[in-house]
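Please read the structure below before turning to the comments.
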Amino acid sequence: EVQLVESGGGLVQPGGSLRLSCAASGFTFSANAMNWLRQAPGKGLERVSYINSGGTTTSYAASVKGRFTISRDNAKNMLYLQLNSLKTEDTAMYYCAKDWRVVGGLPRGYWGQGTQVTVSS
């Protein structure tokens, strides 16, 4: 089955950096676009970043553009998110996701258990 396992989260001070990883299995990773999502306390899921199957096209939420970088290694079935210049408002559970979309106000697709990023001084 589809399995997505996020790691790399932790506690970091404002201005700090983290690199999140997502290990994918159970599907043809190289044929799938991927996403990083996040959910802050009391908030809905937000798409932070997108990357196409070949890794040649990326997009970012305005709130993270210029600070976060999404990448992938298809040979290793790995997805990454580099988080730089972290702000307290980046605090959230971060998920990698396959086939993510919202249908009728409900999130659809596949995502993992998440990894917690906490930005605090």
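The values are calculated or read from the model by the stated rules, or taken from the named source; none is laboratory data. Just so we're clear, the structure is a prediction, and the values are computed from it rather than from any experiment. Neighbour counts are summed over all protein chains in view; Cβ atoms, including those assigned to glycine, are modelled from backbone coordinates with ideal geometry. When the accessible area is computed, the model is the full protein with side chains, heavy atoms only, and any ligands, DNA or RNA have been set aside. Shrake-Rupley method; radii C 1.70, N 1.55, O 1.52, S 1.80 Å.
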Kindly establish whether Ser7 is within 17 Å of Thr91 (Cα to Cα) and either open to solvent by 20 Å² or more (accessible area, probe 1.4 Å) or modelled with pLDDT under 95 (or both). yes
Where a residue in region 103-121 is touching a residue at least 40 places away in the same chain (Cβ under 8 Å) and its partner, wherever it lies, is of a type in the set (Ser, Thr, Tyr) and assigned to a loop (DSSP other than H, G, I, E, B), with Cβ under 8 Å and at least six apart: Val117/Thr91; Thr118/Thr91; Val119/Thr91; Ser120/Thr91
Within region 54-76, can you find the residues that are touching a Ser or Thr at 6+ places or on another chain (Cβ under 6 Å) and more than 20 Å from Ser17 (Cα to Cα)? Asn74
Do we have Gly42 as more than 10 Å from the chain's Cα centre (by Cα) and open to solvent by 50 Å² or more (accessible area, probe 1.4 Å) here? yes
Can you tell me how many residues in region 62-95 are farther than 18 Å from Pro41 by Cα, among the aliphatic types (A, V, I, L, M) and within 15 Å of the chain's Cα centre (by Cα)? 6
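Give me a count of the residues in region 16-28 that are open to solvent by less than 50 Å² (accessible area, probe 1.4 Å) and more than 12 Å from Tyr94 (Cβ to Cβ). Show your work before the answer.
Taking region 16-28 first, the residues open to solvent by less than 50 Å² (accessible area, probe 1.4 Å) are 16, 18, 20-25, 27.
From what is left, the residues that are more than 12 Å from Tyr94 (Cβ to Cβ) are 16, 23-25, 27.
Final tally of qualifying residues: 5.
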Mind listing whichever residues of region 107-116 are outside any loop (DSSP other than H, G, I, E, B), open to solvent by less than 60 Å² (accessible area, probe 1.4 Å) and farther than 17 Å from Ala40 by Cβ? Gly109
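Filter region 84-105 for residues that are charged (D, E, K, R), within 16 Å of Leu37 (Cα to Cα) and open to solvent by 50 Å² or more (accessible area, probe 1.4 Å) and give the result.
Residues satisfying the conditions are Glu89, Asp99, Arg101.
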Just for region 45-74: of the residues that are touching a helix residue (DSSP H, G or I) at 6+ places or on another chain (Cβ under 8 Å) and either open to solvent by 60 Å² or more (accessible area, probe 1.4 Å) or polar (S, T, N, Q) (or both), which one is nearest to Leu106 (Cα to Cα)? Ser63
I need the full set of residues from region 29-67 which are touching a strand residue (DSSP E or B) at 6+ places or on another chain (Cβ under 9 Å) and polar (S, T, N, Q), in order please. Ser30, Asn32, Asn35, Gln39, Ser49, Asn52, Ser53, Thr57, Thr58, Ser59, Ser63
